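First up is the structure itself, then whatever we jot down about it.
The values are calculated or read from the model by the stated rules, or taken from the named source; none is laboratory data. Note that the coordinates shown come from a computational prediction; the quantities given were computed from them, not determined experimentally. A quick note on method: Cβ atoms are made from the backbone with ideal geometry, for glycine too, and the neighbour counts reach across all protein chains shown.
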Amino acid sequence: MSSSQVSRRRAIALAGAGVAGVAGAAAIGGALARQDSAPSAAPVADQVAFYGPVQAGIVTPAQDRLHFVAFDVLTKDRDRLIQLLKDWTAAAARMTAGKDAGEVGAVAGILEAPPDDTGEAIGLPAAGLTITIGFGPTLFRDATGKDRFGLAARKPAALADLPHFPGDTIDAALSAGDIGVQACANDPQVAVHAIRNLARIGMGVVSVRWSQLGFGRTSSTSTTQATPRNLFGFKDGTANLKAEETDLLREHLWAATGDGPEWMAGGSYMVTRKIRMLIETWDRTSLGEQEDIVGRTKGEGAPIGQGQEFDEPDLTSTSILADAHVRLAHPTTNSGAHLLRRGYNFVDGSDGLGRLNAGLFFIAYQRDPRTHFVPIQLNLARHDAMNEYLRHVSSGLFACPPGVSGPDDYWGRALFA
Amino acid sequence: MRRTPLILALVTVSAVAACGDKSDDTAASAGGPIAVKASDTACEVGKNTLDAGTHVFQIANSGNKVTEFYVYAAGDRVMGEVENITPGLSRELRVELPAGTYQTACKPGMIGAGIRADLTVSGSAAPLTEDAALAQATESYSRYITSQSEALVEKTTDFVTAVKGGDIEKSKTLFPIARTYYERIEPVAEIFGDLDPKIDGREDDATAELPFSGFHKIEKDLWATKDISKDGPVADQLLTDVKEVVAKAKAEKLSPLQLANGAKELLDEVANSKITGEEDRYSHTDLWDFAANVDGSQAAVAALRPALEQRNPDLVKQIDTAFTNVDNELAKYRVGDGWKYQNELSQTELKGLSDVINALAEPISKIAGVIAQK
């Protein structure tokens, strides 16, 4: 138990005590000073609380990096699946606290056995790591309609399969999944470490179906954050739902008692879409046309016809074109529906034709996809001028349960109760 | 240490060439050999109860397929086995059996779980101490190496003869079968320096000092260049190297920890080069190697089983289930007595195989730690 209580940072500090030589001590001292220079309001400033009424990683101010994974469940044994969810929850609680995935740790075990942590996060801080889980429609019923784990009666109506949207070029192998896990952190290695260790713990019970790295956030989920840019070079997520907008969050983000099955009260529905951007053709489009397509200026990010980023777009004005993205995505065009977007830029190398395989890994949380993502996306897919430069290649939908209350609780406990 | 020479003496497997002798000799009186009538569909063992001690089984193959005969302890731990009993042939297996329950198995076609029967050995059996259980592991695995090695030399000889005779079709048939015995014991073979690269090296591993040779050189000439006329010296060298590796392997005593790591390494072989089709890139006979690696891994785990059951019975259960899942998944691709070619499997089918191997390799990777604990 002793080593499991030691955070990775502290382990390094302890190791430092035994390091002989000025250079070694100085290097370790320097690393600690760098990490400790952050505001010290919390015991570990870069740690996001794992336990709470809602899952972390939704309204948590969006971190810079993403590793997302979708799993297929291999086992037919409900108890094995439950045990995995318990093991995962315990590992996630440790990793989000900046500790090793397993109780022994990456380097504290016997030499003959493989370590229970893979080790690439040794010396790294918690880095704001959040790990957020969701359950896909196929966990409840498989493609043949079979109730796999006795959960079919608890499947929320809101978890209905997403429809085919006009222009979709979805690759089934990169889509859906029984369980989705979003790991976000401010250090890419910390996010990858989290997913890698969960996948390892799950060997034999689950199998990785697909996964995605994201290198830069494309949304702000807090008013404390500056709006980042997507790979079109435009600010993205200006009008996003934000953690501070508690009334809007209650109305649009969190599933409530009475919405559907009680196990989802306090949860949220996550839609993922991998959207390839046709970067090269976009880049040879004139600035004026780019701004017309988005409906905002490229520099400030102000709505066309306004001066400041956070000015409300004037949708009565024809200067924002009928097929402009900002108009079609705006809540007033969509019966007031707001999404909490949490997407990331991706570049998966190049495509063999000399083009970047790049785009936006879109993630959106909402109270009910049937009233939120689906109508908004139908509207965009039919009319958005931006579609000429976009290809939706992957699609996922997951019901994210409420938060884990403490060490005795686990992800999905109420679902399996 | 003291027990080792004794056990080696006990497990000497003698092959008796008895072609043409198909008499239904059921003599097997008390103390005499126990007759085993093996065919393509049956495996009749003359007795199903024995007294503890050393027994001789006389296996006669009246079928049309090559068969094997095993005596298994719990968890398919090999107590004794004889490989490569060709149709019409009769062979002997001498095996020491302490009191306990066992299973006999014939494996016509040399694959699958085989045709099983229970065998009860009576007498007094003291429970093993942990140390004795570990010491037995080494001995048990030695028996496996011995029988595999002999079949390896015989089948490699057949293969080499066919290659030197210029018989491409026959060589192609024999190639995956000879390799099966090699792949089962590969962790042992790999101990001996350059021998494994000479026997089993791939073209991209070749260097000026170690030019492309062995099984895969001939494989390339059989399937890709379709010309084996110059492979005589390569074939001769292959047989020489195989004989040398076999001589060394039989003399080697693997520690329990080496067995544990060997079991894991065999599955790593499967995951890294068989599922991907990298190993047999010209013939695509990777599933033969796949099955052989899994067999070898299972034999190593089975040897450790008494010790593992004492220390971590839950892990044993987990591994048993995982082996069953691998067998079931692999069985989907069985074609007659062989397998589908690797390049005939879809990506989804390959992923299915990858999933069951990962599910097995993860618990098997924990064995070494369990064995090492005091």
Within region B:120-137, is even one residue within 24 Å of B:Ala249 (Cβ to Cβ) and modelled with pLDDT of 90 or more? no
Do we have A:Arg78 as within 30 Å of B:Leu353 (Cα to Cα) and surrounded by fewer than 16 Cβ atoms within 10 Å (Cβ to Cβ) here? yes
Residues located in region B:197-227, provided they are at pLDDT 95 or above and over 28 Å from the mean Cα position of the chain (by Cα): B:Ala224, B:Thr225, B:Lys226, B:Asp227
Of the residues in region A:209-251, how many are closer than 30 Å to B:Asn325 by Cβ and away from every other protein chain (no Cβ under 13 Å)? 2
Residue pairs qualifying under the 9 Å Cβ cut-off, at least six apart or on distinct chains, with the first in region B:246-265 being assigned to a helix (DSSP H, G or I) and the second being surrounded by fewer than 21 Cβ atoms within 10 Å (Cβ to Cβ) and among the aromatic types (Phe, Trp, Tyr), are B:Lys248/B:Phe192; B:Ala249/B:Phe192
Suppose the filter is without any contact (Cβ under 8 Å) to a residue 12 or more places away in the chain, within 22 Å of A:Ala199 (Cα to Cα) and assigned to a helix (DSSP H, G or I); does B:Gly369 pass it? yes
Mind listing whichever residues of region A:187-207 are surrounded by fewer than 24 Cβ atoms within 10 Å (Cβ to Cβ) and within 19 Å of A:Leu129 (Cβ to Cβ)? A:Asp187, A:Pro188, A:Gln189, A:Val192, A:Ile195, A:Arg196, A:Ala199, A:Arg200, A:Ile201
Of the residues B:Ala361, B:Ala322, which single one is touching a residue at least 12 places away in the same chain (Cβ under 8 Å), within 20 Å of the chain's Cα centre (by Cα) and under 17 Å from A:Ala113 (Cα atoms)? B:Ala361
It is to be established whether one or more residues within region A:345-367 are in a loop (DSSP other than H, G, I, E, B), at pLDDT 95 or above and closer than 15 Å to A:Ser395 by Cβ. no
Only residues that are under 20 Å from the mean Cα position of the chain (by Cα) and among the aliphatic types (A, V, I, L, M): list them for region A:122-160, please. A:Ala126, A:Ala127, A:Leu129, A:Ile131, A:Ile133, A:Leu139, A:Ala158, A:Leu159
Residue that is nearest to B:Leu238 (Cα to Cα) [pool: residues in region B:112-141 that are in contact with a Ser or Thr (Cβ under 8 Å, 6 or more places away or on another chain) and of a type in the set (S, T, N, Q)]: B:Thr138
Could you please find all residues in region A:293-325 being among the aliphatic types (A, V, I, L, M) and more than 12 Å from A:Phe234 (Cα to Cα)? A:Ile304, A:Leu315, A:Ile320, A:Leu321, A:Ala322, A:Ala324
Please determine whether any residue of region B:248-258 is under 25 Å from B:Glu68 (Cα atoms), surrounded by 20 or more Cβ atoms within 10 Å (Cβ to Cβ) and either touching a helix residue (DSSP H, G or I) at 6+ places or on another chain (Cβ under 7 Å) or not β-branched (Val, Ile, Thr) (or both). yes
Just need a number here: residues in region A:177-208 that are assigned to a loop (DSSP other than H, G, I, E, B) and either more than 14 Å from chain B (Cβ to nearest Cβ) or over 25 Å from A:Phe140 (Cα atoms) (or both). 2
Yes/no for A:Asp64 being surrounded by fewer than 23 Cβ atoms within 10 Å (Cβ to Cβ), touching a helix residue (DSSP H, G or I) at 6+ places or on another chain (Cβ under 9 Å) and under 16 Å from A:Gln182 (Cβ atoms): yes
What about A:Thr272, is it over 30 Å from A:Leu287 (Cβ atoms) and either basic (Lys, Arg) or without any contact (Cβ under 8 Å) to a residue 40 or more places away in the chain (or both)? no
Only one of (1) more than 30 Å from A:Ala329 (Cα to Cα); (2) among the hydrophobic types (A, V, I, L, M, F, W, C); (3) out of contact with any helix residue (DSSP H, G or I) (no Cβ under 8 Å at 6 or more places or on another chain) is not met by A:Ile201, so which one is it? (3)
Would you say A:Val206 is at pLDDT 95 or above and touching a strand residue (DSSP E or B) at 6+ places or on another chain (Cβ under 7 Å)? yes
So for region A:129-142 (the condition being without any contact (Cβ under 8 Å) to a residue 60 or more places away in the chain, within 30 Å of A:Asp161 (Cβ to Cβ) and within 14 Å of another protein chain (Cβ to nearest Cβ)), does at least one residue qualify? no
First in region A:101-118 and facing chain B (nearest Cβ under 7 Å) and within 22 Å of A:Thr89 (Cα to Cα), second anywhere and among the charged types (D, E, K, R) and assigned to a loop (DSSP other than H, G, I, E, B), Cβ under 9 Å, 6 or more apart: A:Pro114/B:Lys366
Scan of region B:84-108 for residues that are more than 13 Å from B:Tyr70 (Cβ to Cβ) and modelled with pLDDT of 85 or more, ordered by number: B:Thr86, B:Pro87, B:Gly88, B:Leu89, B:Ser90, B:Glu92, B:Ala99, B:Gly100, B:Thr101
